[in-house]
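Student: Pasting a structure below so you can have a look.
We did not get these values from a lab; they are worked out from the coordinates using the rules stated. All of these numbers come straight from a predicted model, not from anything done at the bench. Don't worry about glycine lacking a Cβ; one is built from the backbone with ideal geometry, like all the others, and counts go over all protein chains shown.
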Amino acid sequence: MKILIVEDEAAAVRRLSKMLEEIDPAIEIVKDLDSVESAINWLNDNPIPDLLFFDIHLADGSSFDIFQQIKITQPIIFITAYDEYALEAFRVNAIDYLLKPIKKTELENAINKYRQWQQPAAFDYSKLTETMGSHAKSKRFLIRFGQTIRVVDLYDVAYFYTSDKITFLVNKNGKRYPIDYSLEQLETTIDTSKFFRINRQFIVNIDAIDEMYAYSKSRVKLSLNPPCDMDTVVSTDRSPVFKKWLVGEMV
């Protein structure tokens, strides 16, 4: 069995590779890739392996972006930190998924499920991306503060940020609400054409960017609307991707 891994965390790749080897030493990992771009380039030039492992969120976008340029019909086991909507979409489309951190027993079950398919069905991942897109577009946040419950639509959000291990949503009117999501969880459901994670603390809506300034080490400093009293600087490793995202190249 030949396997391709698309995962941008080196430690996660090592752990997954080790578990696969322990499950079956005959498994061959033909390649591990860490980005949407590298995956598209490699899949264009090489035969698609028997089974693929895709992390949902990669440094330069979503793994779903790959399906817009590459037709993949082989089974994929998706890897996700947390996403109720994604999990439901996977179930509807009969696709396997593993939650991080991956457990060896669950990985082994997924491999066994693959082996039981005598003639694996051709998957239509375009339908999955449509399902994910419709969920993202209708995404709302149910927020409770005191005895009050409020619903905030995703597109009313200016930005998300973390402070003291709490994630906050700030709407376009400048109202701030704590939410029960991490930024990692949010990254798997937000519309990546509208939202971008600029650093470890912030995800911003493109409509909330008021001004941009050149900053040290080729970084970009943002002025947001509504204003934020914290530094909003695009990290060094995210700055090149951010500049592409601004002009629509990462959509």
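Student: How do VAL234, VAL13, VAL247 rank when sorted from fewest to most other Cβ atoms within 10 Å of their own Cβ?
Tutor: In order of increasing Cβ crowding within 10 Å: VAL247, VAL13, VAL234.
Student: Expressed in whole Å with the largest first, what are the equivalent ellipsoid semi-axes of region 139-246 derived from the C-alpha gyration tensor as the square root of 5 times each eigenvalue?
Tutor: Over the Cα atoms of region 139-246, the semi-axes work out to 24, 13, 13 Å.
Student: Assuming 0.36 nm per residue, please report the length gained on full extension of the stretch ASP191 to TRP42 beyond their Cα-Cα distance.
Tutor: Full-extension gain reported as 51.1 nm.
Student: What lysines could a cross-link reach from LYS103, if we take a straight Cα to Cα line under 25 Å and drop same-chain neighbours fewer than 8 places away?
Tutor: Output for LYS103: LYS2, LYS18, LYS31, LYS113.
Student: Here's something else I'd like to know. Please list, or write none, the lysines whose alpha carbon is within less than 22 Å of the alpha carbon of LYS217, excluding same-chain residues fewer than 8 places away.
Tutor: LYS243, LYS244
Student: Sorted from fewest to most neighbouring beta carbons within 10 Å, what does the list MET230, MET212, MET19 look like?
Tutor: By the 10 Å Cβ count, ascending, the order reads MET230, MET212, MET19.
Student: Aspartates and glutamates near LYS100 by alpha-carbon distance under 13 Å, same-chain residues fewer than 8 away left out - which ones?
Tutor: Once the sequence-local aspartates and glutamates are set aside, what remains near LYS100 is GLU7, GLU9, ASP55, ASP83, GLU184.
Student: Over region 139-246, what is the mean sequence separation of C-alpha contacts under 8 Å (at least six apart), divided by residue count, expressed as relative contact order in percent?
Tutor: RCO, region 139-246: 19 percent.
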